[in-house]
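Structure first, commentary second.
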Amino acid sequence: MLKGNRVTLRPFRKDDLQKIWAYRTDVEVELAGGGGPPTPLRFEQIEAEYEKGEFIFSGGFAIEIDGEMSGYCGIFGFNELCRTCEIGITIGDRDKWGLGYGREAMGLLLHYAFILRNVRRVWLSTSSTNERALQCYKSCGFAEEGRLRLHIYENGIYADQVYMGILRDEWEINQS
């Protein structure tokens, strides 16, 4: 368990599954995450993923705010030789958007990646239309590393897919 001032990252519990299913089938939440619109998903599929330790359940954390599961995050796509990984975060409760919870969760997750997992570089991608996420990532020290122009089709328009990264040395400078 990783604990911040207002956010706790903890293992998933079976009673989180209903909220995860709701987040993964919510069009606005899915689009905010830079993905495409959700596809039909039965609750039983979420249960099966949980039982097998797949998707977000392997290497992932539930984001707890005010004692309630409000999203999820994780690190994945490890490259052991280069000591890199990808990072992802979803705040599923829309009433928690724009209040700094994602930034705090990202800070805890970066600490986990760099200090506890000894990763050298962390990267992510998101849609160029997701201004809230881009601002969050920049405030955590991520730098834009590249774009795939008009690569994502979302909500009736094409948008750039933005790639961002942060090196451990850069992150450490921001910690002092």
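The values are calculated or read from the model by the stated rules, or taken from the named source; none is laboratory data. Remember, it's a predicted structure, so these values are computed and weren't measured experimentally. With ideal geometry, Cβ positions are generated from the backbone for all residues, glycine too; neighbour counts draw on all protein chains shown. Accessible surface areas use protein heavy atoms only, side chains included; no ligands, DNA or RNA. Shrake-Rupley method; radii C 1.70, N 1.55, O 1.52, S 1.80 Å.
What are the residues in the stretch 107-157 that are among the charged types (D, E, K, R) and in a strand (DSSP E or B), if any? Answer for the stretch 107-157, where residues must be among the charged types (D, E, K, R) and in a strand (DSSP E or B): Arg121, Glu144, Glu145, Arg147, Arg149, Glu154. With the structure loaded, tell me whether Gly141 is modelled with pLDDT under 95 and at positive phi or whether it fails that test. Spelling it out, it is not the case that Gly141 is modelled with pLDDT under 95 and at positive phi. Can we say Asn155 is surrounded by 14 or more Cβ atoms within 10 Å (Cβ to Cβ), in contact (Cβ under 8 Å) with a residue 24 or more places away in the chain and farther than 29 Å from Glu80 by Cβ? No.
Restricting Arg83, Arg103 to those that are open to solvent by 60 Å² or more (accessible area, probe 1.4 Å), over 15 Å from the mean Cα position of the chain (by Cα) and at pLDDT 95 or above reduces the list to Arg83.
Tell me, please, whether a residue that is among the basic types (Lys, Arg), closer than 30 Å to Ser128 by Cβ and in contact (Cβ under 8 Å) with a residue 40 or more places away in the chain can be found in the stretch 20-39. For the stretch 20-39, residues among the basic types (Lys, Arg), closer than 30 Å to Ser128 by Cβ and in contact (Cβ under 8 Å) with a residue 40 or more places away in the chain: absent. Is there a residue in the stretch 41-62 that is surrounded by 16 or more Cβ atoms within 10 Å (Cβ to Cβ), touching a Phe, Trp or Tyr at 6+ places or on another chain (Cβ under 6 Å) and modelled with pLDDT of 95 or more? Within the stretch 41-62, one or more residues are surrounded by 16 or more Cβ atoms within 10 Å (Cβ to Cβ), touching a Phe, Trp or Tyr at 6+ places or on another chain (Cβ under 6 Å) and modelled with pLDDT of 95 or more. Inside the stretch 12-40, residues that are of a type in the set (Asp, Glu) and open to solvent by 60 Å² or more (accessible area, probe 1.4 Å) make up a count of 2.
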